[in-house]
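To start, the structure under review is shown below, and the notes come after it.
The values are calculated or read from the model by the stated rules, or taken from the named source; none is laboratory data. Everything quoted here is computed from the prediction, not taken from an experiment. Every residue, glycine as well, gets a Cβ built from its backbone with ideal geometry; the counts of neighbours run over all protein chains shown.
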Amino acid sequence: MTASASEWTLSVNLIPVVPSGKKPLIEWKRYQEHFSWCERAAWKKQWPDMNYGLVTGSISGVVAIDFDKEDGKALFEKYKVVGTAPVSETANGFHALYMIPDEPIGNATGIVPGLDFRGEGGYIVIPPSVHPSGKKYRWLDPPWKASLRPAPPLPDWFWPLWNAKMVKEARGKAIASTVTREDGSNASLTAFAQEHGCVMPAAGWTADGTLHRCDAYGPDGKLGRGDGSYLVYPDKPVLGFVQNHHRHQQMQQWRPTL
């Protein structure tokens, strides 16, 4: 392993995965927040043929787009990914690594056919691991390549596909009914909005695929009309929140409930 490759492995969080498989050999949830440096030598001694899992999200500073099977390979070619991001070849397609976005996002499968995503709370299998089929994972463009350090931001083409997927999943689901105030006490979503001069949208607190935002501050953070009315910003359907317009950087995110 070269010095640059070794440096990269120390910059990301790795976990042991079943030899020639994809399942972690450990309870790995804690490694979403805890670095594995001290455990790696013991893992390698215990499982010398282990595969390697890269924990995605904030702990490693990278997320992954998974281009899977024929549909995924077609998208990989369509968006000309080679040379624009670190890429590994899998048995059925490709993984491309990107910098974590400003607003953390989780995992998704089937964003469109052949396209999956691993973010907060996810992991991918990386080289020199071996796929269950016997094929070895290999780097096409390694993440320690000088021209690809640091990893690039998620590409522009990704966000419309991601947003459409989030809208589809959220539409019609109920929004969590309570929020937590700054002092730690709870309030109903309607009461919290009223405390800050906002009113319930006519459609009610539902995840209808649009973003309801208190108009006291606009999308750019600047003071707006301040009359408590709601505007819909369809260009940002991923998050919904009541925005405290006394401290506009404090946001209350909704979580769709099943």
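Quick notes on this one:
- Test result for residue 106, surrounded by fewer than 20 Cβ atoms within 10 Å (Cβ to Cβ), in contact with a Pro (Cβ under 8 Å, 6 or more places away or on another chain) and in the same structural domain as residue 32 (by TED's automatic domain parsing): no
- Under the condition of being out of contact with any helix residue (DSSP H, G or I) (no Cβ under 6 Å at 6 or more places or on another chain), of a type in the set (Val, Ile, Thr) and in a strand (DSSP E or B), the residues counted in segment 1-22 number 1.
- Any hit, segment 62-80, residues being modelled with pLDDT under 95 and under 20 Å from the mean Cα position of the chain (by Cα): no
- Residues in segment 73-103 that are of a type outside the set (Gly, Ala, Ser), in a loop (DSSP other than H, G, I, E, B) and under 18 Å from residue 136 (Cα atoms): 86, 90, 92.
- The single condition from (1) surrounded by 15 or more Cβ atoms within 10 Å (Cβ to Cβ); (2) in contact (Cβ under 8 Å) with a residue 12 or more places away in the chain; (3) not small (Gly, Ala, Ser) that residue 9 fails is (2).
- Here residue 90 qualifies as within 23 Å of residue 11 (Cα to Cα) and of a type in the set (Ser, Thr, Tyr).
- Listing of strands (runs of 3 or more DSSP E) fully contained in segment 115-194 that carry 1 or more residues being more than 23 Å from residue 83 (Cβ to Cβ) and at pLDDT 90 or above: 123-126
- Test for residue 70: is it part of a helix (DSSP H, G or I) and either surrounded by fewer than 17 Cβ atoms within 10 Å (Cβ to Cβ) or free of Cβ contacts under 8 Å to residues at least 24 places away in the same chain (or both): yes
- Test: residue in segment 65-87 that is aliphatic (A, V, I, L, M) and more than 17 Å from residue 157 (Cβ to Cβ): no
- Test: residue in segment 34-42 that is under 21 Å from residue 138 (Cα atoms) and assigned by TED's automatic domain parsing to the domain that holds residue 128: yes
- Test result for residue 54, touching a residue at least 40 places away in the same chain (Cβ under 8 Å), under 24 Å from residue 153 (Cα atoms), assigned to a helix (DSSP H, G or I) and not basic (Lys, Arg): no
- Only one entry in 59, 65 is surrounded by 17 or more Cβ atoms within 10 Å (Cβ to Cβ) and outside any strand (DSSP E or B), namely 59.
- Residue under evaluation residue 62, criteria (1) farther than 22 Å from residue 114 by Cβ; (2) touching a Ser or Thr at 6+ places or on another chain (Cβ under 7 Å), criterion not met: (1)
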